[in-house]
1. What's the number of the only condition in (1) farther than 16 Å from residue 309 by Cβ; (2) touching a residue at least 60 places away in the same chain (Cβ under 8 Å) that residue 8 fails to meet?
2. Residue check: is residue 110 assigned by TED's automatic domain parsing to the domain that holds residue 311, closer than 19 Å to residue 18 by Cβ and touching a helix residue (DSSP H, G or I) at 6+ places or on another chain (Cβ under 6 Å)?
3. Tell me yes or no: at least one residue of segment 28-37 is in a loop (DSSP other than H, G, I, E, B), touching a helix residue (DSSP H, G or I) at 6+ places or on another chain (Cβ under 9 Å), at pLDDT below 95 and in the same structural domain as residue 326 (by TED's automatic domain parsing).
4. Taking segment 86-96 as the search range and keeping residues that are free of Cβ contacts under 8 Å to residues at least 60 places away in the same chain and surrounded by 12 or more Cβ atoms within 10 Å (Cβ to Cβ), which one is nearest to the chain's Cα centre (by Cα)?
5. Taking the stated definitions as given, is residue 294 touching a strand residue (DSSP E or B) at 6+ places or on another chain (Cβ under 6 Å), more than 23 Å from residue 203 (Cα to Cα) and in contact (Cβ under 8 Å) with a residue 24 or more places away in the chain?
6. Would it be correct to say that residue 330 is outside any loop (DSSP other than H, G, I, E, B), touching a helix residue (DSSP H, G or I) at 6+ places or on another chain (Cβ under 7 Å) and under 25 Å from residue 21 (Cβ atoms)?
7. Show the residue pairs meeting these rules: Cβ distance below 6 Å; 6+ apart or different chains; first residue within segment 216-235 and farther than 22 Å from residue 82 by Cα; second residue assigned to a strand (DSSP E or B).
8. Determine, yes or no, whether residue 128 is buried (at least 16 other Cβ atoms within 10 Å of the Cβ) and part of a strand (DSSP E or B).
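The values are calculated or read from the model by the stated rules, or taken from the named source; none is laboratory data. Here the structure is a predicted model, which is why all the values come from computation and not from measurement. Every residue, glycine as well, gets a Cβ built from its backbone with ideal geometry; the counts of neighbours run over all protein chains shown.
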């Protein structure tokens, strides 16, 4: 009899896992805390890598559909100093091996590839208990049992404590989301300064990064190396006043750059950057494992988080579908998971220091020169 598989979390890793299992004829159920696919905005662009994310999409049988979502030339990069002086400028490559897609569109593709009953929306996990026959999962609105539980529930995973006591730690860098609405003539000059893709302005301890979309929308974030308590002391009850306080940390910067902050149209959401230890491993725990951020939360500065998440899902699904011994499948998956995630997480942490470290912005230029 086929084992009952519960996936906790309908992010990219959980969705890819469920889709690849489906391709192999293995049914599963995803339990997601959000009430629907449209409850929350899904963030900006992702560059999907040939050796990870694209491998997963091929395994999911969705590669052609993914190619239809690609935004040609969106990988353009421009690096400037605090005065707006251009230090690096690279046009987008329509034939890039790491094409850009909108994260929300990619998630919708994966959701649409699954039978409607696969995802149980509005199922927030409140507790999970192991017993000899498997696991009992309790949700805010019900319960379920499963032989195998896979934690795809992100940074603050409820499943992770079953295998390790490790918790994410604050990296010292916090993002504040910013955006400018498309089509506003007041923003024409600063939008033009971005170039055709992403503008990165950085110096030690701070930076402003914004991306220009084809429809004129600008989205990005302010980055500050500050204690988490300092960031949370800013009162964004009055968004304009809160953003002015953030902009004050960029004293002496070009007004063309600080205007991205003071004139932002978006709710100024705080995004403290947390990470799990790069070298994290755990002992084989019967009937449970982790994928994506639940397994290897890292900063976004290697550009690998989403790619690795999808690759985890496809890799684990292949193991589960390929052999009858579930424990052997989980062990084989984790044997590959630990070294690949450790290497990428270490690189991500190093890149975070590079972007806002003592040698910025020249250190940022060096990163892009290497690529």
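1. Tallying (1) farther than 16 Å from residue 309 by Cβ; (2) touching a residue at least 60 places away in the same chain (Cβ under 8 Å), residue 8 fails exactly one: (1).
2. yes
3. Checked against the condition, which is being in a loop (DSSP other than H, G, I, E, B), touching a helix residue (DSSP H, G or I) at 6+ places or on another chain (Cβ under 9 Å), at pLDDT below 95 and in the same structural domain as residue 326 (by TED's automatic domain parsing), segment 28-37 yields at least one hit.
4. Here the answer is 96.
5. Criteria met by residue 294.
6. Here the answer is no, as residue 330 does not meet what is asked.
7. Close Cβ pairs satisfying both conditions: 228/170; 228/272.
8. The answer is yes for residue 128.
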